[in-house]
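Participant: What follows is a single structure, and I will ask about it in a moment.
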Amino acid sequence: MTQPAIQAPALRRRRWPQLQELGLIVVVLLLGLGIWLASPSVPVKLQAGDFLVNGVMTHVQRQTIQENNFLRVANLVPSVFTVMSWFAVMAIGQTIVIISGGIDISVGSIMGLSAFVTALVLQGPSEIDNSGNVVWHGYQWLNHAPLFMHPFLLAPVTQACLGAAVAMGVGLLCGLFNGLLVVGLRMHPFIVTLATLSIFRWAAEKIGFLLGNNMTLPWGDGALAPGFTNDFIALEYHRMRFGGRSLEILQFVPILIMLACLVLGWIYLRYTVWGRETYAVGGNEEAARYSGIRLPWVKMRVYALSGLSAGIAGMLSCGYSKAASAGLGTGNELTVVAAAVVGGASLTGGRGTALGAFLGMLVLELVSDGISVLGKINLGLFSFSVNKQDERLIQGLAIIIAVAIDNASMYLSSRRSARPAAAGH
Amino acid sequence: MRISALLLAAAATLGMASGAFAQAKQKFTFGIVAKSQSNPVFQAAHQARDAAKELGQKYNVDITINIQTPPDEDAQKEAQAVEQLANAGVDGIAVSCSNANTLVPAINKAVELGVPVMCFDSDSPKSKRFAYYGTDDEVCGRLVAENLAKFMDEKGNVCILAGNQSAPNLQTRAKAVRDTLAKYPNIKIIDTIYHEETPDKAALAVQREQTSHPEINGWAMIGGWPLFTRDALKWQPGTVKVVAVDALPPELAYLKSGHVQMLLAQDCYGWGYKSVEILLNKAMNGKNPENPKVIDPLTPVTTANVDEFAKKWDKWLGK
C-alpha cells in the first residue's frame, strides 16, 4: 500500500501586518488618543496687522486662540517624529542584529564618534552678518591649504554629500570592526560591543583632546558647513497658518530619512536573500550552517548595517543640532534596544521587523512627549501631575506592557499554529 | 419688591463686573529648562514658582511656570524641551545650557517664533537669547583660586574638579582658576578632572585622584558636586584645603566639619526667581535688562557665617 504523498503546506502570502505589529499599532493609536483627550489647550497667538480675510485686505487685531497641545503639527513634527528619527534609524539597525541572534550596545558610541568626526570635517571659521545670520568661511582643514579651496568643494551639494559620506563611512567602519571581532574572536556580541562601546567613546574623546581639549564642535566662533546643516538636515519649512498670522517652523528632512531607512530595512528583511538569511541564522544557527548559509558573512553584514544605522543617526543629530560633542549618544543604546524589543524583536533571535522597531520607538517617544504636554491629568474625580521626573517610571511601565502584549500575541499565534496539527491526528 | 429686584440686579451686575475684571487679569506662562533634575543645585532654581506667586500678586497677573528640565544632563533633550515650550506658545523661556552650541538652533527657533529666551547659570552667547542671569564665571574661577591659594599659604599641589567638559560656564571657570593659580610660583596644578555631574560620580573622581596623587593638598572645585554625598572627602579635616562653588544645605556640613574652608554660594534661588522677573518684564513691558548680562553675586560662606546662611535655605527650597 503506497503512502499518500505528503503535501507541503501552501505558502500563504501575508497580506496584513502580523498580530505583533497590529498590537503595536493599536497601542500607538490608543496612546495617541489618550494623550490627545487628556492634553490641555495651548494659546496660539495670531499677529495683528493687515491680512487677507475672505479675499479682502483687512486690518485685524492681535488674537489668541486655543489648540490641543498634542494633536497639532507644531508638536508632532518637531517634538515626536523629528526627535525620534535618529533613534528609530538606530532601532532598525539594532533589530537586524537582534534578529540574527546578536546585540550591539556600542551604537550610542558609534553615533557620537560619527557625529563628532563629521563636525570636525565640516567646521570652519564664521562670522555673524548684519542680519544676524552665520556666514561660514570654508573648511577649517582647508584653511591651511588655500590652493585646494576649489569652488566645487565649497558648493552646498558637496558640503551635504561630504557630511553624509563621512558620518556613514565612520559608522560603517565601526560596524565592520564590531563584526570582525564577533566573527574573529568568537566572543559573545554583548562582550565585544561592550568593549567597543568604550573604545569608540575613547576615540571621540581622544580626538577632542588632540584638538586642544575641545569636546564640542564647532569650537570658538566656528560653524558647520551650511550646505549640510541649514540646506540639508536642518532645512526649515516656514508654515504660515491662519492667513499668515501664525508661523510654524518645521524640519522634515530627518523624518524623510527615517522613513527611507524604514522602507529599506523592511525590503531588506522581507524581500532579499540576505534578510531571510538573517532570520535563519537567528532562528537556528546550526540549521542555518547546515543549510549552507555562510554564518561569518551574515554576522559581518548585520554589524556593518547596525554601524551604518548609527552613522546615519550621528549625521541626523549633528546636522539638526549644528554641533556635536564627544559625549553625544551616551546611553542611547539602552533606548534603542528597548525600542527594538518593544517593537517585537526577540532577544533570542529569529524575530523582529523594521516596522516593529519604528513603532517601538514611536511608543517610547509618545510617552516622552505625553509627559511634556500633559502636565496634569484630570480624571474627573481626581487629578494628578506628571512631570519629567516620572518619565522613567512611565517608560519602564510602557516597555513592560508592550512586551506583555507581544508575548500574549506570540502565545496566541503558537496556539493557532498548534490547532491544525492537532486536528490532523 | 421693586427695591429687592433693584438690589438683585445691582448685585448681579457687580458680580458680572467682578467676573469680567477677574477675566481681564493677564496670564503668562514661562518655561524653565535647567541642566538636569539629578543636579541638586537646580532644585532651588525650580522654586521659580515662588516668583510666579509673589510677582503675580504684585502685578495682578497670573503666572504659570512650566518646568521641562530633563532627568539627566543631555543637551539634546534640553534643546527638545526648548522647542516644545516654544511650540506650546509660552511667553518666555529660561534655560541653563549644558552645551552652548547645541542649544543655539533651538533658542534661535524659539526667538523666531516670537518667544523670548534668556539663559541662567550657563550662557549661550552665540544664540539670540536676550539676557543672561548668572555668575561671572571668570570672577568665580578667580575667587576660587585666590581663596584656595590663601588657605594653602600660597604653596602646594592643586587639583581642579571641573564637571562637564562641554559646559561653557565650567570651561570659563576652569580656565580662570588655571590662569590665576599660574601667578603663584609655588603652587602646581596636578590635574583638571572632568566627570559626570552627579554627586556619586564626582565623589568617586575626587577619591580616585586623591588616592593616586597623595601629594595633592588643595582642591579647586568649580562646582560642589561631590559635597552632596556624605563622607566624600576622605582625609583628615584641614590636611587638604578645599574651596568649592555652591553652598546648598548638604554642602554646609563639610564647612562645619572643617573639610572645606570656603564655599562660594551662587544665587541658585535667584536663577529661578530673577529669571521669572526678567521674563515678566520682557513679556509685560517689552523691556530688556539694561545690561544683557545680569551678574548674580557670589556669597562667600565660611564657618563664621554658615549658620546664618543655612537659615535662608528653608525659604529657598520651599520648605
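Participant: As a test question: what accessible area, to the nearest 10 Å², does A:Leu52 have when a 1.4 Å probe is rolled over all protein chains in place?
Facilitator: Around 110 Å² of this residue is reachable by solvent.
Participant: Another one. Normalised by the residues of chain A, what does the relative contact order come to in percent, with Cα pairs under 8 Å and at least six apart?
Facilitator: Relative CO of chain A lands at 28 percent.
Participant: Could you tally the net charge around B:Leu161, taking each other residue with its Cβ under 10 Å from the Cβ of B:Leu161, Lys/Arg +1 and Asp/Glu -1?
Facilitator: -2
Participant: Would you grab the residues whose amide H sits under 5 Å from the one on B:Ile193? Only those 5+ places off in sequence or on another chain, please, with H modelled 1.01 Å from N.
Facilitator: B:Ile160, B:Leu161, B:Ala162
Participant: Still on this structure, please answer the following. Where does each of B:100-108, A:319-327 land if you order them by average Cβ count within 10 Å, highest first?
Facilitator: Going from most to least packed, we get A:319-327, B:100-108.
Participant: Karplus couplings for region B:99-108 from phi (6.51 cos²θ - 1.76 cosθ + 1.60, θ = phi - 60°), rounded to Hz, Gly and Pro as x?
Facilitator: Per-residue couplings from phi come out as 8, 4, 5, 5, 7, 4, x, 5, 5, 5 Hz.
Participant: Okay, next question. Between B:Glu215 and A:Leu71, how many nm apart are label points set 7 Å from Cα along the C-beta direction?
Facilitator: Label-label distance for B:Glu215 and A:Leu71, simple model: 7.0 nm.
Participant: Karplus couplings for region A:91-107 from phi (6.51 cos²θ - 1.76 cosθ + 1.60, θ = phi - 60°), rounded to Hz, Gly and Pro as x?
Facilitator: For region A:91-107, the Karplus curve yields 5, 5, x, 5, 4, 4, 5, 5, 4, 6, x, x, 7, 9, 9, 9, 5 Hz.
Participant: Quick one: which bits of region B:95-126 get at least 10 Å² less accessible when the partner protein chains are in, versus the chain alone, with a 1.4 Å probe?
Facilitator: Residues losing area: B:Asn99, B:Asn101, B:Thr102, B:Pro105, B:Lys109, B:Glu112, B:Leu113, B:Lys126.
Participant: Can you compute the FRET efficiency between A:Val157 and A:Leu347 using 1/(1 + (r/R0)^6), with r the Cβ-Cβ distance and R0 = 56 Å? Round to the nearest 0.05.
Facilitator: Given R0 = 56 Å and the Cβ-Cβ separation, E is 0.85.
Participant: At a temperature of 20 °C and a viscosity of 1.002 mPa s, determine how fast region B:165-229 diffuses translationally according to Stokes-Einstein, using the Kirkwood radius over alpha-carbon pairs as Rh; express D in µm²/s, rounded to the nearest whole number. Please report the intermediate quantities before stating the final value.
Facilitator: On the way: Rh = 12.7 Å.
Translational diffusion coefficient: 168 µm²/s.
Participant: From the cross-link list B:Lys27/B:Lys53; A:Lys299/B:Lys77; B:Lys27/B:Lys287; B:Lys58/B:Lys109; A:Lys322/B:Lys126, which pairs have alpha carbons spaced over 23 Å apart?
Facilitator: Working: B:Lys27/B:Lys53 12 Å; A:Lys299/B:Lys77 34 Å; B:Lys27/B:Lys287 18 Å; B:Lys58/B:Lys109 32 Å; A:Lys322/B:Lys126 13 Å.
Pairs exceeding the cut-off: A:Lys299/B:Lys77; B:Lys58/B:Lys109.
Participant: A further question on this structure: Putting +1 on Lys and Arg Cβ atoms and -1 on Asp and Glu Cβ atoms, find which of A:Pro218, B:Ala51, A:Ala338 reaches farthest to the positive end of the dipole of the protein assembly as shown.
Facilitator: Going by the charge dipole, the pick is A:Ala338.
Participant: Right, next: Mind checking which of A:Gln63, A:Gln395, A:Gln94 has the largest fluctuation in a GNM of chain A, springs on alpha carbons under 10 Å?
Facilitator: Most flexible of the set in this elastic network: A:Gln63.
Participant: Please sort B:74-83, A:204-213 by packing, taking for each peptide the average over its residues of neighbouring beta carbons within 10 angstrom, highest first.
Facilitator: Values: B:74-83: 24.2, A:204-213: 15.6.
Ranked from most to least packed, the peptides come out as B:74-83, A:204-213.
Participant: Output the peptides B:135-147, B:259-271, A:241-253 sorted from most to least packed, where packing is the average of other Cβ atoms within 10 Å over each peptide's residues.
Facilitator: Averaged packing, sorted descending, gives the order B:259-271, B:135-147, A:241-253.
Participant: Also, I was wondering about something else. Summing both sides, how much accessible area is buried between A and B? Use a 1.4 Å probe and give Å² to the nearest 100.
Facilitator: For chain A against chain B, roughly 2700 Å² becomes buried.
Participant: Given R₀ = 41 Å, what would the calculated FRET efficiency be for A:Leu264 paired with A:Met57, taking r from the Cβ atoms and rounding to 0.05?
Facilitator: Computed FRET efficiency for A:Leu264 and A:Met57 comes out at 0.25.
Participant: I would also like to ask the following. Pull up all non-local amide H partners of B:Lys128: gap of 5 or more, or a different chain, and H-to-H distance under 5 Å with H placed in the peptide plane.
Facilitator: B:Asn108
Participant: Still on this structure, please answer the following. Shielding of B:80-87 by partners, i.e. mean partner chain Cβ atoms within 10 Å per residue?
Facilitator: 6
Participant: While we're here: Can you work out the accessible area per residue across the protein assembly as shown, with the rest of the protein chains kept in place, probe 1.4 Å, in square angstrom?
Facilitator: 47 Å²
Participant: Something else now. P(r) tail for the protein assembly as shown, what percent of Cα pairs lie past 49 Å?
Facilitator: Working: 65566 of 276396 pairs.
Summing the P(r) tail past 49 Å for the protein assembly as shown gives 24 percent.
Participant: Also, quick follow-up: Among B:Thr302, B:Thr180, B:Thr239, which one shows the highest mean-square fluctuation when chain B is modelled as a Gaussian network with alpha-carbon springs under 10 Å?
Facilitator: B:Thr239
Participant: Under the rule of at least 5 residues apart or a separate chain, name every residue whose amide H is placed under 5 Å from the amide H of B:Asp72.
Facilitator: Residues meeting the criterion, in which the H sits 1.01 Å from N, are B:Gln37.
Participant: At a 1.4 Å probe, which residues in region A:307-332 are at least 50 Å² less accessible with all protein chains present than in their chain isolated?
Facilitator: A:Ser321
Participant: I've got another one for you. When the helix-only estimate is applied to chain A (DSSP H runs of n ≥ 4, each -39,500 (n - 2.57), divided by the residue count), what is the mean residue ellipticity at 222 nm, nearest 500 deg cm²/dmol?
Facilitator: -19000 deg cm²/dmol
Participant: To the nearest whole number, what is the average tally of beta carbon atoms from other chains within 10 Å of the beta carbons of peptide A:39-48?
Facilitator: Mean shielding count: 2.
Participant: Further, regarding this structure: Positive end of the charge dipole of region A:36-166 (Lys, Arg +1 and Asp, Glu -1 on Cβ, about the Cα centre): tell me which of A:Phe81, A:Leu52, A:Val134 has its Cα farthest that way.
Facilitator: My answer, from the dipole projection, is A:Leu52.
Participant: Ok, one more. Placing +1 on the Cβ of each Lys and Arg and -1 on the Cβ of each Asp and Glu in region B:99-233, which of B:Gly218, B:Tyr133, B:Ala202 has its Cα farthest towards the positive end of the resulting dipole?
Facilitator: B:Tyr133
The values are calculated or read from the model by the stated rules, or taken from the named source; none is laboratory data. Just so it is clear, the model here is predicted, and its values are computed rather than measured. Counting neighbours? That spans all protein chains shown, and the Cβs are built from the backbone with ideal geometry, glycine included. The area values use the complete protein model at the heavy-atom level, side chains included, leaving out ligands, DNA and RNA. Shrake-Rupley method; radii C 1.70, N 1.55, O 1.52, S 1.80 Å.
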